[in-house]
Amino acid sequence: MTQTLAPQPVATAQRKACFSLRQPIAFRGEGFKPTESEPLAYQYYDKNRLVLGKRMEDQLRFATCYWHSFGWGGTDPFGDSSFMRPWHAAGDPMAQAIHKADVAFDLFRLIDSPFFTFHDRDVAPEGATLRESNEHLKRIEGVLERKMDETGVKLLWGTANLFSNRRYMAGAATNPDPEVFAYAAAQVKNVLEMTHRLQGHNYVLWGGREGYETLLNTDLKRELAQLGRFLNLVVEHKHKIGFTGQILIEPKPAEPTKHQYDYDVGTVYGFLKAHGLENEVKVNLEQNHALLAGHTFEHEIALAGALGIFGSLDMNRGDEMLGWDTDQFPNNLPQVALTMYEVLKAGGIGQGGLNFDAKLRRQSIDPDDLVWAHATAMDLCARALLVAEKMIQDGALQRHVESRYQGWDTPRGRAILNGERSLDALAREVEAEGIEPQPRSGQQERLEHLVNSYL
């Protein structure tokens with residue numbers, strides 16, 4: 001029988017650099033040729049370059065996530081951890097958490113990541129009680145605060161993990177037990193306040209367990225009311241403590257539950273309207289979640305922008321041949337260019353950012369793979385931003401759209417939308433004027449060629 005080797009804990013004094021690359025990734029331009037001493041450089045991510053009047057770094061606002069990059073061990077439903085990082089081993093949980101923070105901020109330094117994001121259970125170990133968990137988190141907060149002061153890295157957003165512990169197997173806010181609701185509320189209060197103290201720009205709620213497996217044991221009306229009350233509590237506390245960041249919901253249709261209440265942008269907007277929160281809460285969108293809902297990423301961004309609830313992005317991709325959340329780093333230029341085009345059309349990323357909620361593949365076990373994955377994804381997004389800038393500046397695509405709807409800018413079109421024409425009046429006009437409209441081409445193939453010309 002083969003014995004599995006476990007990762008070994010490393011004492012603080014014995015810790016070695018996790019990554020073989022020691023110098024931060026530099027911008028070298030499109031003509032960069034890799035060398036043995038410099039195998040990797042940014043070819044497009046020039047953070048000080050002006051793009052539509054803003055620095056590229058401010059247009060993109062990259063963030064590195066704690067959970068997939070440092071918390072996840074490389075497991076899948078059929079295999080144990082493959083990464084075996086030292087901080088995944090048995091040992092003093094707080095010492096391991098500090099070691100994890102050391103490595104995380106070293107990665108931020110190497111790739112020049114301006115922001116990071118975290119779940120409470122990823123940065124600090126869970127205790128036997130909520131009080132003990134909060135004490136652990138408070139100790140790590142001091143570590144993070146010191147490292148942020150030393151490096152200038154900022155917090156894009158924090159969030160509470162309301163899905164991993166078995167107490168949440170039937171949901172957090174939507175749980176049939178009010179004590180679970182209360183526990184989740186206490187957990188969110190603590191993390192929201194921590195996010196506020198660390199000057200985070202947003203706070204995210206992901207409802208991975210806020211849904212159901214079967215209607216046989218589910219009261220939909222009751223659970224939706226509970227979820228609405230929970231979200232109102234979060235917004236009320238945000239204002240009470242003076243947190244000026246955005247509250248964000250991250251839509252996802254399924255997985256881990258069969259059906260989740262925050263299915264997609266349209267569903268979330270309807271929920272927010274029903275509970276009077278459409279001006280208080282925005283959405284954090286993810287490409288893989290959009291695919292699971294039967295949409296494209298750009299569709300969800302465009303709809304969120306049209307409804308006024310676009311907030312931030314989790315920047316990953318899904319495998320379109322698989323029906324689950326694969327969380328891969330982005331590498332498809334045409335897809336990301338259309339994503340950035342819709343972001344710019346929606347007014348830009350604002351207080352949000354592009355958070356790499358992405359996982360290495362399970363076979364990518366070298367720590368340096370984290371550097372390569374993030375840096376190349378950042379460079380691709382920068383390249384896509386430059387493509388989107390061309391699309392905006394040229395304006396040809398927008399002119400096609402405006403031309404297609406130009407009839408609505410005529411007196412008749414405006415009168416219809418302003419409520420100045422009844423059904424009877426429209427019927428009389430059509431008959432009296434002999435209106436016989438003919439269809440016009442949507443020119444889809446021509447527009448697809450136009451988009452390809454920018455790449």
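The values are calculated or read from the model by the stated rules, or taken from the named source; none is laboratory data. In this text the structure is predicted, and so the values were computed from the model without any measurement. Here Cβ is always computed from backbone atoms with ideal geometry, including for glycine, and neighbour counts include all displayed protein chains. In case anyone asks, the SASA skips ligands and DNA or RNA and just uses the protein heavy atoms, side chains included. Shrake-Rupley method; radii C 1.70, N 1.55, O 1.52, S 1.80 Å.
A few notes on this one:
- The mean of 1/r over all pairs of different alpha-carbon atoms in the range 43-97, once inverted, gives a Kirkwood hydrodynamic radius of 14.5 Å.
- FRET efficiency for the ARG446 to GLU255 pair, using the beta carbon distance and R₀ = 35 Å, is estimated at 0.40.
- Pairwise centroid distance, computed over Cα atoms, of the range 222-275 with the range 36-79, Å: 28
- Calculated FRET efficiency, GLU433 to PHE32, Cβ-Cβ distance, R0 = 60 Å: about 0.40 to the nearest 0.05.
- For the chain, a simple Cβ point-charge model (Lys and Arg +1, Asp and Glu -1, everything else neutral) yields a dipole of about 860 debye relative to the Cα centre.
- Label-point separation in nm, ALA415 to ALA306, each point 7 Å along Cα→Cβ: 2.6
- Summarising the amide proton neighbourhood of TYR42: residues at separation of 5 or more, or on other chains, whose placed amide H is nearer than 5 Å comprise ALA26, PHE27, ARG28.
- Carbon plus sulfur fraction of accessible area for the range 345-455, probe 1.4 Å, in percent: 49
- For the peptides 400-412, 51-63, the ranking by packing is 51-63, 400-412, with the highest mean count of neighbouring Cβ atoms within 10 Å listed first.
- Here the peptides 289-297, 212-220, 81-89, 128-136 are ranked by packing, the mean other Cβ count within 10 Å, and the order with the highest first is 289-297, 81-89, 128-136, 212-220.
- Normalised contact order of the range 13-53, rounded percent, pairs of Cα under 8 Å and 6 or more residues apart: 34
- Per residue solvent-accessible surface (Å²) - the chain, probe of 1.4 Å: 50
- Theoretical FRET efficiency, 1/(1+(r/R0)^6), r = Cβ-Cβ of ASP219 and ARG362, R0 25 Å, to 0.05: 0.05
- Using just its DSSP H runs of length 4 or more, each adding -39500 (n - 2.57), the chain gives a mean residue ellipticity at 222 nm of -13500 deg cm²/dmol after division by all residues.
- Count of Lys pairs (Cα-Cα under 18 Å; at least 8 positions apart or interchain) in the range 126-247: 5
- Expected-Rg normalisation [2.2 N^0.38 Å, Cα atoms] applied to the range 114-219: 1.17
- Stretching THR129 away from GLN406 to a fully extended chain increases their span by 93.5 nm, per 0.36 nm per residue minus the current alpha-carbon distance.
- Between MET169 and ASN331, full extension at 0.36 nm per residue minus the direct alpha carbon distance yields a gain of 54.9 nm.
- Inter-part distance where the range 371-448 and the range 119-152 are each reduced to a Cα centre, Å: 48
- The listed residues MET169, MET391, MET321 rank as MET321, MET169, MET391 when sorted by accessible area, largest first, using a 1.4 Å probe.
- The chain: antiparallel DSSP beta bridges as a percent of all, rounded to 5: 20
- Peptides 278-288, 430-440 ordered by packing proxy, namely the average of other Cβ atoms within 10 Å per residue, highest first: 278-288, 430-440.
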